Amino acid sequence: MGLLQLLKSQFLCHLIICYVFLVSGLIINLLQLCTLPVWLVSKQLARRINIRLAYCISSQMVAILEWWSGTECTLYTDPKSYPLYGKENAIVVLNHAFEIDFLCGWTFCERFGVLGSSKVLAKKQLAYVPIIGWMWYFLEIVFCKRKWEEDRRTVNESLEKLRDYPENFWFLLYCEGTRFTPKKHQVSMQVAESKGLSKLKYHLLPRTKGFWVTVQSLRGTAAAVYDSTLNFRNNEMPTLLGLLNGKKYHADLYVRRIPLELIPEDEKECAEWLHKLYQEKDSFQEHYAKTGRFPGPIMSPPRRPWSLINWLFWSCLLLYPLGLLLTQLISSGSVFTIVASVAVCSAAPFCPNVT
């Protein structure tokens, strides 16, 4: 293990990363709160401000994946579709099999410049969670209660409000509704058998109603559906803790652009279309399992420096006064303070064994 890798695995480094994220996140949430009066004057200006404030939060997590752990992302896609990414509104359909697949989705957004304006469908309870939840509230994220009759109206009304959104956005959607596990897969395939649907090997049955409402609500606003299938090389199952420890992964993402007008408007036909889409996604995963790659040519969207610059900015801004405070405490001559500081620093290297 090299010196840099050893440093990345230390609990003290993880503590510093979490400190910067939490404090900067609360500061940004406060700044977002200050944009409320701006909404009364100019809704579009308030939206543009919140897009950039949200980027300051979400890009820190992307920076951990791209710059701290050095995880590589390879994109398989049609060269004719590639120039359109980031230039249009889109619905991004993602598989949900990994702990960090949401972060890979954000990285995909970051590479094409739509991270700050990206949207998701989230549980209502998350709106009350500081930092991420509050950030999403000001980004006009769609929150649902998972009660279909209420959610149908809520999702439709929320998405209708995005028709005049001032910048391009991607709506990230996990049609499976929950992360893939062997137990959930077994139950899902029992449901498929009872309904006479084709069984899937690598996915859960998609939830068609939410997808249909999303597509119908964004017709005329979004140009396409980006069918995205994610996998990791060497059968690895990456974790957030692995990223914090500086472990490097290699993600492969297969993306197909499907114009929205090709998706049926009728609810039943749209459901059938989505089930067929997931059968195709399953075949892509099978191809990956056999060959170690997805079909089609490889494109290489470059890492942008802005997530790293933002991360370094907040780190310098917040660690400098903390360093001054610690220096003053130690220089005060208090035996207790000095002993406590030495004890914390000495214990830090052993904390990973506890976690």
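The values are calculated or read from the model by the stated rules, or taken from the named source; none is laboratory data. No experiment lies behind these values; they were computed from the predicted model shown. Cβ placement follows ideal geometry from the backbone for every residue including glycine, while neighbour counts extend to all protein chains displayed. With ligands, DNA and RNA removed, areas are computed over all heavy atoms of the protein, side chains included. Shrake-Rupley method; radii C 1.70, N 1.55, O 1.52, S 1.80 Å.
Annotation: Trp106 fulfils all but one of (1) open to solvent by less than 10 Å² (accessible area, probe 1.4 Å); (2) under 21 Å from Gly210 (Cβ atoms); the unmet one is (1).
Just one of the listed residues (Ser69, Ser42, Ser59) is polar (S, T, N, Q) and more than 30 Å from Val255 (Cβ to Cβ), namely Ser42.
In region 226-249, the residues that are at negative phi form Cβ pairs under 6 Å with partners that are open to solvent by 40 Å² or more (accessible area, probe 1.4 Å), at six or more places apart or across chains, as follows: Tyr226/Arg257; Asp227/Arg256; Thr239/Glu99; Tyr249/Glu236. Based on this model, can you work out whether Leu121 counts as in contact (Cβ under 8 Å) with a residue 24 or more places away in the chain, hydrophobic (A, V, I, L, M, F, W, C), open to solvent by 40 Å² or more (accessible area, probe 1.4 Å) and not in a helix (DSSP H, G or I)? So Leu121 fits the description; yes. For region 170-177, check the following and say yes or no: at least one residue is more than 17 Å from the chain's Cα centre (by Cα) and within 30 Å of Ile49 (Cβ to Cβ). No, because not a single residue in region 170-177 is more than 17 Å from the chain's Cα centre (by Cα) and within 30 Å of Ile49 (Cβ to Cβ). Within region 65-88, residues that are farther than 17 Å from Arg293 by Cβ reach partners that are crowded, with 16+ Cβ neighbours inside 10 Å and among the aromatic types (Phe, Trp, Tyr) with beta carbons closer than 6 Å, at six or more positions or on different chains, in the pairs Thr71/Tyr249; Tyr85/Phe112; Gly86/Phe112. Tallying residues that are assigned to a loop (DSSP other than H, G, I, E, B) and open to solvent by 50 Å² or more (accessible area, probe 1.4 Å) within region 145-169 yields 4. Looking only at region 293-331, residues that are exposed (fewer than 15 other Cβ atoms within 10 Å of the Cβ), within 30 Å of Lys281 (Cα to Cα) and out of contact with any helix residue (DSSP H, G or I) (no Cβ under 7 Å at 6 or more places or on another chain) come to 4 in all.
Among the residues of this structure, Pro238 does not count as one that is surrounded by fewer than 17 Cβ atoms within 10 Å (Cβ to Cβ) and not basic (Lys, Arg). Condition (residue is under 25 Å from Leu244 (Cα atoms) and open to solvent by less than 20 Å² (accessible area, probe 1.4 Å)) applied to region 133-141: is it met by at least one residue? Yes: one or more hits. Counting only helices (runs of 4 or more DSSP H) wholly contained in region 1-52, the ones carrying 3 or more residues that are touching a Cys at 6+ places or on another chain (Cβ under 9 Å) and under 30 Å from Tyr165 (Cα atoms) occupy 11-33.
Scanning region 158-216 for residues that are touching a strand residue (DSSP E or B) at 6+ places or on another chain (Cβ under 8 Å) and more than 18 Å from Tyr226 (Cβ to Cβ) yields a single hit, Ser158.
The residues listed here are Leu172, Leu243; of these, the one that is part of a strand (DSSP E or B) and either under 26 Å from Thr71 (Cα atoms) or open to solvent by 80 Å² or more (accessible area, probe 1.4 Å) (or both) is Leu172. Every residue in region 78-87 that is part of a loop (DSSP other than H, G, I, E, B) and either surrounded by 15 or more Cβ atoms within 10 Å (Cβ to Cβ) or touching a Leu at 6+ places or on another chain (Cβ under 6 Å) (or both), please. Ser81, Tyr85, Gly86 - these are the residues of region 78-87 that are part of a loop (DSSP other than H, G, I, E, B) and either surrounded by 15 or more Cβ atoms within 10 Å (Cβ to Cβ) or touching a Leu at 6+ places or on another chain (Cβ under 6 Å) (or both). Residues that are in contact (Cβ under 8 Å) with a residue 60 or more places away in the chain and open to solvent by less than 40 Å² (accessible area, probe 1.4 Å) within region 26-54 comprise Ile28, Asn29, Gln32, Thr35, Arg47, Asn50, Ile51, Leu53, Ala54, listed in sequence order. Could you run through region 101-121 and say how many residues are in contact with a helix residue (DSSP H, G or I) (Cβ under 6 Å, 6 or more places away or on another chain) and under 29 Å from Trp148 (Cβ atoms)? Residues that pass the stated criteria total 4. Scanning for something surrounded by 19 or more Cβ atoms within 10 Å (Cβ to Cβ) and small (Gly, Ala, Ser), does region 258-275 turn up at least one residue? There is no residue in region 258-275 that is surrounded by 19 or more Cβ atoms within 10 Å (Cβ to Cβ) and small (Gly, Ala, Ser).
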